[in-house]
Amino acid sequence: MLESSFGLVFFMKITSNDRKIRTVYFKITVDGIPKETSTKRKWDSTRWDQKTERAIGSKEDARSLNFFWIH
């Protein structure tokens with residue numbers, strides 16, 4: 001029987017001169033081979049929880065970003 005592993009991580013990278021607004025990326029790892037790409041979404045780093053990999057807050061913009069991940 002073949003076994004495979006799969007991982008998915010969301011994280012932020014500084015991509016502009018504004019160090020507070022960052023681009024959200026995700027990394028997919030399949031059988032130890034990682035690939036990362038941009039989600040084409042920007043977010044305020046002070047409103048991001050890296051532990052849960054989600055936007056912080058209950059405002060519409062945070063709910064919209066978090067909804068994007070699960071759908």
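Quick notes on this structure:
- Entry remark, segment 16-35: residues being within 22 Å of SER64 (Cα to Cα) and of a type outside the set (A, V, I, L, M, F, W, C) number 5 in total.
- Strands (runs of 3 or more DSSP E) completely within the chain that count 1 or more residues being without any contact (Cβ under 8 Å) to a residue 12 or more places away in the chain and in contact with a Lys or Arg (Cβ under 8 Å, 6 or more places away or on another chain): 33-44
- Each residue in segment 1-22 was checked for being surrounded by 12 or more Cβ atoms within 10 Å (Cβ to Cβ) and closer than 16 Å to ARG54 by Cβ, and 5 pass.
- Scan of segment 26-42 for residues that are surrounded by 13 or more Cβ atoms within 10 Å (Cβ to Cβ), modelled with pLDDT of 95 or more and not β-branched (Val, Ile, Thr), ordered by number: LYS27
- Residues that are surrounded by 12 or more Cβ atoms within 10 Å (Cβ to Cβ) and among the polar types (S, T, N, Q), drawn from segment 43-52: SER45
The values are calculated or read from the model by the stated rules, or taken from the named source; none is laboratory data. Here the structure is a predicted model, which is why all the values come from computation and not from measurement. Please note: Cβ atoms are built from the backbone with ideal geometry, for glycine as well, and neighbour counts cover all protein chains shown.
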